1. Work out the FRET efficiency for LYS91 and SER127 from their Cβ-Cβ distance, taking R0 = 45 Å, and round it to the nearest 0.05.
2. Using amide H atoms built 1.01 Å from N in the peptide plane, name the residues 5+ places from PHE51, or on other chains, whose amide H lies under 5 Å from its own.
3. Need the full-extension length gain, ASN144 to THR68, defined as separation in residues times 0.36 nm minus the C-alpha distance. One decimal, nm.
4. Give me the count of lysine pairs in the stretch 110-181 whose alpha carbons sit under 21 angstrom apart, restricted to pairs 8 or more positions apart or on different chains.
5. List the trypsin sites (Lys or Arg not before Pro) within the stretch 96-151 that DSSP assigns to loop and that have no more than 16 neighbouring Cβ atoms inside 10 Å.
6. Per residue of the stretch 103-108, what does 6.51 cos²θ - 1.76 cosθ + 1.60 with θ = phi - 60° give for ³J(HN,Hα)? Whole Hz please, x for Gly and Pro, Karplus curve as stated.
7. For the stretch 45-85, just say rounded, prolate or oblate: build the C-alpha gyration tensor, square-root its eigenvalues into a ≥ b ≥ c, call rounded for a/c under 1.5, and beyond that prolate if a/b exceeds b/c, oblate if not.
8. Please work out how much length the chain gains when fully extended from GLN103 to SER134, using 0.36 nm per residue of separation minus the C-alpha to C-alpha distance, in nm with one decimal.
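Read the figures in this text as sums done on the coordinates, not as results from a lab. As the structure is a computational prediction, the values presented were derived from the model and not from experiment. We place every Cβ from the backbone using ideal geometry, glycine too, and count neighbours over all the protein chains shown.
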Amino acid sequence: EKILSSSSIKSEKISEKSGMLDRIFKKASSKLSGKREGIKITGVDDVLVRFAKCCNPLQGDPITGFITRGRGVSVHTANCPKILDADLERKIEVYWDDTDTLQCTAKVKIVCSDEPGLLVDISKVFSDNNINISQANLRTTKDNKAIGFFDVTVKNLNQLRNVIKLLEGVPGIISVERCKV
């Protein structure tokens with residue numbers, strides 16, 4: 001029979017708690033380590049980097065960094081309204097690491113006529129260009145048009161521009177544009 005004192009119970013709880021915290025930190029750092037890829041920061045190594053959701057920068061966009069409070073460096077497009085209003089002292093020079101093959105999510109808005117088979121044609125353009133659709137939201141309007149928002153995974157800005165040009169050539173598509181938010 002093992003008799004536990006209150007001090008041994010406390011130490012077991014502390015060790016369980018620290019073990020759980022270690023697992024959480026390891027899991028978080030493994031998820032965040034992938035976010036660091038693709039970006040270089042002048043004169044700084046080993047800093048947490050995340051991509052801003054307000055402007056959704058893609059490799060090839062002109063970018064700038066912003067030192068956040070407690071969340072490392074946030075990467076924005078150079079013309080992002082949020083970064084233009086930010087504290088100048090907290091801006092930092094960042095640039096794309098061209099050797100990386102970073103995969104980023106971009107949002108594309110497509111306005112087209114509401115006709116059978118057009119969604120298949122749109123999906124085929126993405127598929128033929130090795131671009132995955134991670135989310136799609138479509139609705140029709142009263143004037144026989146359809147508006148679709150597609151979250152797609154692309155390698156860089158050039159790949160996105162190429163697929164937008166191809167989509168614009170599909171019969172029935174009225175307009176295609178990249179959405180920043």
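1. Numbers: r = 39 Å, r/R0 = 0.87.
That pair, LYS91 with SER127, gives E of 0.70.
2. It is VAL75, by chain and number.
3. Full extension from ASN144 to THR68 adds 22.8 nm.
4. Within the stretch 110-181, the lysine pair count is 7.
5. LYS142
6. 9, 10, 8, 10, 10, 10
7. oblate
8. Full extension of this stretch gives 9.9 nm more.
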